[in-house]
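Step one of this worksheet: look at the structure below.
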Amino acid sequence: MKLEVHQSLIKSKEKSNEYYDQNAEQSKFKSGDKDLLFDEMVRRGSSRKLSAQWIGQYTITALDTVNVTIARGRKLLKVHINRLKPFHWMG
């Protein structure tokens, strides 16, 4: 019983991931590009409405089909491509 439930959950998660990745934007990024990352976290004491939604200036180091590895300093993050947008310098 427990094993069947576990297998069902894994199957459901895989199906959900396939559906989400199916609607992912096609890669308009390339290695070395500067990008901004969508920040989903709301910190204690601040309002979602007034806080910055896009953080960064991150550099793309590697690309997969729907995931991108970005670097800021020595820290590497692997994020979904839907959480990125190009960085344009206005100055």
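Could you pull out every one of the strands (runs of 3 or more DSSP E) wholly within segment 3-91 that has 1 or more residues that are of a type in the set (S, T, N, Q)?
The qualifying strands (runs of 3 or more DSSP E) are 54-63, 67-72.
Pairs needed: first member in segment 20-37, within 13 Å of Arg83 (Cα to Cα) and of a type in the set (Asp, Glu); second member anywhere, surrounded by fewer than 12 Cβ atoms within 10 Å (Cβ to Cβ) and at pLDDT below 85; C-beta distance under 8 Å; at least 6 residues apart or different chains.
Qualifying pairs under 8 Å: Asp21/Thr65.
When the residues of segment 30-45 are narrowed to those that are more than 13 Å from the chain's Cα centre (by Cα) and surrounded by 10 or more Cβ atoms within 10 Å (Cβ to Cβ), which ends up farthest from Thr65 (Cα to Cα)?
Going through the qualifying residues, I end up with Val42.
If I go through segment 65-77 residue by residue, how many of them are surrounded by fewer than 11 Cβ atoms within 10 Å (Cβ to Cβ) and without any contact (Cβ under 8 Å) to a residue 24 or more places away in the chain?
Residues meeting the conditions: 3.
Would you mind stating whether Asp64 is under 20 Å from Trp89 (Cβ atoms), modelled with pLDDT under 90 and of a type outside the set (A, V, I, L, M)? Reasoning before the result, please.
Numbers: under 20 Å from Trp89 (Cβ atoms): no; modelled with pLDDT under 90: yes; of a type outside the set (A, V, I, L, M): yes.
No: the conditions fail for Asp64.
The values are calculated or read from the model by the stated rules, or taken from the named source; none is laboratory data. Keep in mind that this is a model prediction, so the values were computed, not measured. As a convention, Cβ positions derive from the backbone with ideal geometry for all residues, glycine included, and neighbour counts pool all protein chains shown.
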